Every structure is written in structure tokens, then in C-alpha cells.
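These notes are about the structure you will find just below.
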Amino acid sequence: DPQTTAFLLRKQWTLYSVTPLYRFSNARLRDYARLLSACIAAEKQKGLAGGGGGDLAIHLPDLKGSDQDQAAILVQLSSRSPASQKNSEEKLIWSGWFCCVFGDDLSENVPEDFTCLPLFLANGAETYTSIVGSWFQKTFDCCFRRLAISPLNLSWMAAMWTGCKVDKTVSAIELVFSVPCLPHPLDISYAIHPEDAKALWDTIQKTPGEITQEEVDVFMDCLYSHFHRHFKIHLSATKLVKVSTAIASAHCDGIIKFLQSQYLTGVLMLLTELAISQIQ
Amino acid sequence: HLATSLPLPSERDHLRPRIDLIAFIIDIKNRYSLKNVEASLAHVDASFFLGKVCFLVTGVGRVNYCSVEMNAIWKLGKVYCSPVLLCELELEGIRVATAQRLLRMLQICAGHVPGVSALSFSSLMRNSADD
């Protein structure tokens, strides 16, 4: 669905892992939207959420991996301008979506009444994220946790996404490192020409479509030793905090930006896997 | 004796006492520490690997900061036939307990515990780890 994917691309999404939802039903989406709207309106009364009137909609975009996956759920909060006319402009102020892409590991081991949607992505003000999150937690007895991405996982993303074929290689591969144990925080940004990086990866990867930890290690070590040769700095002693490629960009605090629609499912599959391992 | 890498500088060889135990420290948050240890291992005489070497791994509690895969470290322990001890050196209690443990191992390696040799002790540790 091109409209949905266009909506998901080039936005900054904050990632959460969500434990399975108890007694969630796709048939009751309108009821949930009504209840959640009421909850947000109540929070507004208390002065906890700003902005004009809100319209909440919950729908099912066509986004899943295997047939066993639950259909994704999209929650959108729009505000109408204060001079509330029937045809006045609606502005989208917050979006959040639950999804599960190839999450068989989790869904196979969960009892009947539970719905598995381990990955939650939010875009918009943090206050709305916490209101919506609290409502889901109270209503379906689930637990939201920020999804952190370790340097090890970021290295996998760097190697994997470097290997992907892109039509127009416009953007460089960028790795950002945070240097520990310094009085003032210091970040080092290492930009690599995408064709050079892909050429390097192609000499390392033995089986197309398969990636091993050793191959990722060799790839990163090559980049580190190249940097050391020029700047005499051991990047391997620092913490990798951000990876940006033409496919997507990911930050260790659990923030993602999708940049290519053709690889959207692939990235979601990886994020679903990370979410599931954080839950277990 | 503390060193950041091996080999030790040769100028002080004649002043150095006999070395009975080598503990290599790997910080799981720091990939360079693993590379450094791997490079230093090449400078260790083979006789040390009969129970006089161990690997201390720190930082395992902070999963989100992990830059080194544990499998690589387990493999290192297996290849060099030496025990891998997990210890959160940033916590004082564990630091003290690890120091006591190392001291006990050192006593055995230096031959101060009658009836227990470094080799027999290390094979004892290895069997319990595999279980």
C-alpha cells in the first residue's frame, strides 16, 4: 500500500517493545478509539495535554510479514483548528503503530487470548505517547519499554544495510561514536562513501542473503583500522551510537527512520526480533 | 603487576619476580579490549596455558552497551583452555569477591596449596563450566 508506506518513511519513530496484549480484538477498534479519545480528553481537562480538540482513529494498515503475524494497528491523533468547522483542516499531531513482522518466535509460544504485537513505534509529543501507552497497558495488561539498540546490533545494521542494493546511492554511510570517560561528551562521526563500503562488504560476505557474526566483525574491524591508520584513534574502544545508511538510520536510544520503501519490511523484521528478545 | 598489553618491556626482565598467573581483562563494552587481549595472547609462552591463565570479563550487566559478543569470548576460553570468569568489576562487592578468588587461584598456581596443582585445578574448573 503506497500511501501507508509513504506515511511511514522519512519520519523519526521512537521504538518500544510491547508484551502480548490480553483479549485484544480487531473487531472492537471503534470502541477502543472512543475510549482512548475520552481518556485523552480527560487528560486535556487536567491540563496534561495541550492543543485543540482531538480526533482519534485506529485502523489496520496492510503491514505484516508472515500469515501468522497479527495485522498492524495504527493509532492517529489529529487536531481540528479551534474555529471548528465541518470542513476545517485536520492536522495529524501524533501517530503510533503496533506491528509484528515474522514474529513467529513469540506468537507460537503464547496462549490463546493473547495478541502478539511486540513492536510499537511512536511519532509526536512524548505526552501523547505516555497517555496512549498507559491506556493500552491498563486495558490489555501489557508492558511498554523503550527499545534500546546495543552497539553490537547497530554493527549488524551497518553491515546488513550497506549490502543492500539501492538505485541511487546518494547518501554516505555514517557511523557516530560516543567517546566514554571524558569530562565533556565527545562524538566522532565517520562518513564512508556508500560504493566503497559496499565494495568492502561484497568482498567479505560469502553467501548472498546470509550474514554471520564473523563477517560483521571483519567489516567493522576493517573500518576501524582504516580510521586508525589516518587518525590514530581506536574507534573500537568507543561506543557506536548511531548508524545512517540509504536504507534507514538507527540510534542506540531506540529511534529509527525508514528511508527506502522496498526495504521497510526487512528493517521491521529486524526490529521485531530486537523487541522480542527484549521482552523475553 | 598491571600492564595494558603484552609483551612486558624487556628492560626490567631481571628485576621481575616469577609470574604464576596471568589474568586477561576484557570489557564487553569495549571491542578494543578484546582485540588487545587477542594480540597479547600471542606473546604468552605455551606453558602458561596449563592452568596459569584466566579471562576476566566485565560489563556483562549492561546489555545495551554490549560491543562484544559473548560467543567470541567463550570461544577464546575454549581455544586457550583457560577459564572465563564473569565479574562486574564496576561493583565494589563483586570486585572484592573476584580479588579473593584470584588470590586463591594464585596460591594454587604458585604451588602454595599442597595436593592441588594449577593443571588439576583448571581442569576442575573447566568440567564444572561445561555442566
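The values are calculated or read from the model by the stated rules, or taken from the named source; none is laboratory data. As the structure is a computational prediction, the values presented were derived from the model and not from experiment. Reconstructed Cβ throughout: ideal geometry from the backbone, glycine too, with neighbour counts over all protein chains shown. Surface accessibility is based on the protein's heavy atoms, side chains included, excluding ligands, DNA and RNA. Shrake-Rupley method; radii C 1.70, N 1.55, O 1.52, S 1.80 Å.
Structure summary
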{"quantity": "Out of A:Glu215, A:Glu210, A:Glu174, sole residue that is within 24 Å of A:Gly254 (Cα to Cα) and either loosely packed, with under 13 Cβ neighbours inside 10 Å or of a type in the set (Asp, Glu) (or both)", "calculated": "A:Glu174"}
{"quantity": "Qualifying positions in the stretch B:37-68 - open to solvent by less than 40 Å² (accessible area, probe 1.4 Å), of a type outside the set (A, V, I, L, M, F, W, C) and assigned to a helix (DSSP H, G or I)", "calculated": "B:Ser40"}
{"quantity": "All positions within the stretch A:127-170 that are among the acidic types (Asp, Glu) and without any contact (Cβ under 8 Å) to a residue 60 or more places away in the chain", "calculated": "A:Asp167"}
{"quantity": "Count - residues of the stretch B:69-87 that are within 14 Å of another protein chain (Cβ to nearest Cβ), charged (D, E, K, R) and either open to solvent by less than 30 Å² (accessible area, probe 1.4 Å) or in a helix (DSSP H, G or I) (or both)", "calculated": "1"}
{"quantity": "Hey, A:Pro194 more than 14 Å from every other protein chain (Cβ to nearest Cβ) and open to solvent by 60 Å² or more (accessible area, probe 1.4 Å) or not", "calculated": "no"}
{"quantity": "Qualifying positions in the stretch B:43-83 - free of Cβ contacts under 8 Å to residues at least 12 places away in the same chain and either closer than 18 Å to B:Ile19 by Cβ or not aromatic (Phe, Trp, Tyr) (or both)", "calculated": "B:Asp45, B:Ala46, B:Ser47, B:Val63, B:Asn64, B:Glu69, B:Asn71, B:Lys75, B:Lys78, B:Val79"}
{"quantity": "The stretch A:177-191, residues that are open to solvent by 50 Å² or more (accessible area, probe 1.4 Å) and over 21 Å from B:Glu69 (Cα atoms)", "calculated": "A:Cys181, A:Leu182, A:Pro183, A:His184, A:Pro185, A:Leu186, A:Asp187, A:Ser189, A:Ala191"}
{"quantity": "Residue check for A:Val132: of a type outside the set (D, E, K, R), more than 18 Å from A:Val267 (Cβ to Cβ) and under 19 Å from the mean Cα position of the chain (by Cα)", "calculated": "yes"}
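Condition check ((1) aliphatic (A, V, I, L, M); (2) modelled with pLDDT of 95 or more; (3) outside the structural domain of A:Asn26 (by the TED database)) across all residues:
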position: A:Ser84; (1), (2), (3): no, no, no
position: A:Leu92; (1), (2), (3): yes, no, no
position: A:Cys99; (1), (2), (3): no, no, no
position: A:Pro111; (1), (2), (3): no, no, no
position: A:Val166; (1), (2), (3): yes, no, yes
position: A:Val170; (1), (2), (3): yes, no, yes
